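Working notes for the structure below.
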Amino acid sequence: MRQLGISVYPDQTTLVEDQQYMELAAKYGYKRIFTSLLQLHGEAGEDKLARFKATIAAANKLGFKTIVDINPDLFKDLGVSHDDLHFFHDLGVWGLRLDKGFSGAEEARMTRNPYGLKIEINMSAGTNYLASIMSYHPNTDNLLGCHNFYPQKYTGLADDYFVQYSAPYRENNLHTAAFVTAAGAPYGPWPVSEGLPSMESDRERPIATQVQHLLLTGMVDDVIIGNAPASEAELKACADSFNASNPRLTVELGSKLNDVERAIVLDGIDGSHLYRGDASAYLLRSTIPRVRYSKADIPAHDNDGDLHRGDVLVVNNDYGRYKGELQIVLSDMPNDGRRNRVGHITDADLALLSSITPWMTFELREA
């Protein structure tokens, strides 16, 4: 089952702040919590661990599932062995994420722990790490994958590598997760925090678009907000995007469109559009609205200038039986006046247009 998550960083906040944030996130259906113990390397004293344990206990009361980020060096600091994970069971967590792993044999053994703890491995390495683990026959019910996040600008994963590195996890039917970033949220695990996305292209995008981007890759189950605290508006926008029935693109509507054109763009048929299967290189076509609006009056606009990728069009009266059809420009083309330019896919969402494929149902939402 897909889940939304938030991150908390108890070493940088108070328990009251964490509780308030978790309660707010729970209101919008968030179920997972990510937190990191990595910054405690060399400083994993009882007082600091007690602070984490208190936050995790509060999360458990709210129905969250918490995963803590850890690596082999921190295992040594804590005096923990991969053969005995009772420390994490006592901490109250749902699982542990291995930011850096072992050889593969240890991870497989860890998935067979008596506590049912989930073992989440780093998907962003791009090596044969997963293949090594799978060769030791892990309990895949307890094996998860999660990408890294990247505090420094220009260091996040490229889109194509994200898909390439994720594919083996899909092939092995493993549950996966990745991160989006909340604009202005101040806290991450490290002093440098210029956003915390998994993919670099998402760093400056609105959070709803980041979610759509991750889901459109087809490689992600869970989406986690990497930095904290996200605002309530961002929590809601992220949840709305995650729970949408269909992929969404955001459109900036022009000032000339009439009520019929607005309805065609935003309502389509039952709130969505179907990308016609006999696809053109120039136009994405949603043809069903022309049936519903066959008798509507859609006069031609003052349609000056060529049409460009991302322009949203409604076919007007001058194109006869095609009147009322919604189209989105895929490749630049001349404007003959028979299509009204009523808006444009937002700059943030324009890159997602290539992920909307023939016979896919999608929605358009006003910016």
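Every read-out reported here was derived from the displayed coordinates using simple, explicitly stated rules and does not represent laboratory data. Everything quoted here is computed from the prediction, not taken from an experiment. Quick reminder, even Gly has a Cβ in these numbers, built from the backbone with ideal geometry, and neighbours come from all protein chains shown.
Here the chain is assigned +1 on the Cβ of each Lys and Arg and -1 on the Cβ of each Asp and Glu. Its dipole about the Cα centre then comes out at about 900 debye. For the stretch 35-119, the Kirkwood hydrodynamic radius from C-alpha pairs, put into Stokes-Einstein at 10 °C and a viscosity of 1.306 mPa s, yields a diffusion coefficient of 122 µm² per second.
For residue 339, nonlocal amide neighbours, meaning residues 5 or more places apart or on other chains whose placed amide H falls under 5 Å from its own, are 316. Under 5 Å from the amide H of residue 360 lie the amide H atoms of 275, each residue being 5 or more positions distant or on a separate chain, with H modelled from the backbone and absent for Pro and chain starts. Take the Kirkwood radius over Cα pairs of the stretch 212-294, plug it into Stokes-Einstein at 10 °C and 1.306 mPa s, and you get 102 µm²/s for translational diffusion.
Listed values for the stretch 165-176 are Karplus-derived 3J(HN,Hα) couplings in whole Hz (6.51 cos²θ - 1.76 cosθ + 1.60, θ = phi - 60°), namely 6, 7, 3, x, 6, 5, 4, 9, 6, 9, 6, 10, and x replaces Gly and Pro.
Write down Rg/Rh for the chain, rounded to two decimals, with Rg from the C-alpha atoms and Rh from the Kirkwood relation over Cα pairs. Intermediate results must be reported in sequence, preceding the final value.
On the way: Rg = 23.8 Å, Rh = 22.4 Å.
Answer for the chain: 1.07.
By DSSP, the beta bridges lying fully in the chain are antiparallel in about 40 percent of cases. Computed about its Cα centre, the charge dipole of the stretch 249-366 is approximately 460 debye, with only Lys, Arg, Asp and Glu carrying charge at their Cβ.
For the chain, the longest principal axis of the C-alpha atoms and the axis of helix 207-216 are separated by about 90°.
Using 0.36 nm per residue and subtracting the Cα-Cα separation, the extra length available between residue 360 and residue 338 on full extension is 5.4 nm. Its alpha carbons give the stretch 249-366 an Rg and a Dmax of 12.6, 35 Å. Taking the C-alpha atoms only, the angle from helix 46-61 to the longest principal axis of the chain is near 50 degrees. Around the Cα centre of the stretch 57-126, unit charges on the Cβ atoms of Lys, Arg, Asp and Glu (plus for the first two, minus for the last two) sum to a dipole of about 280 debye. Once both axes come from the Cα atoms, what is the angle between helix 15-27 and the longest principal axis of the chain, in degrees from 0 to 90, rounded to 10? The two axes meet at around 40 degrees. Listed by chain and number, the lysines placed with their C-alpha closer than 30 angstrom to that of residue 27 are 48, 53, 61, 65, 118, 236; residues fewer than eight positions away on the same chain are left out. Within the stretch 278-302, which residues have the backbone N less than 13 Å from the label spot 7 Å out from residue 353 along Cα→beta-carbon, could you tell me? Correct set: 281-285. Considering all different alpha carbon pairs of the stretch 260-318, the Kirkwood hydrodynamic radius works out to 12.7 Å. Dipole of the stretch 1-108 computed with +1 at Lys/Arg Cβ and -1 at Asp/Glu Cβ about the Cα centre; of 9, 85, 26, farthest Cα towards the positive end is 26. May I ask which residue of 361, 329, 344 lies farthest towards the positive end of the charge dipole of the stretch 249-366, with charges of +1 (Lys, Arg) and -1 (Asp, Glu) on Cβ and the Cα centre as origin? With unit charges placed on the Cβ atoms, the residue in question is 361.
For the stretch 92-98, backbone phi angles converted through the Karplus equation (6.51, -1.76, 1.60; θ = phi - 60°) give residue-by-residue couplings of x, 7, 7, x, 10, 9, 8 Hz, Gly and Pro being listed as x. Around the amide H of residue 32, modelled in the peptide plane, lie the amide H atoms of 4, 5, 6, 65, all under 5 Å away and 5 or more residues distant in sequence or on another chain.
Note on 238, 146: ascending count of other Cβ atoms within 10 Å places them as 238, 146, the fewest first.
Each Lys or Arg adds one and each Asp or Glu subtracts one; over the other residues with Cβ under 11 Å from the Cβ of residue 367, this totals -3.
In whole angstrom, note down how far apart the Cα centers of the stretch 201-273 and the stretch 283-322 are. Distance between centres, Cα-based: 24 Å.
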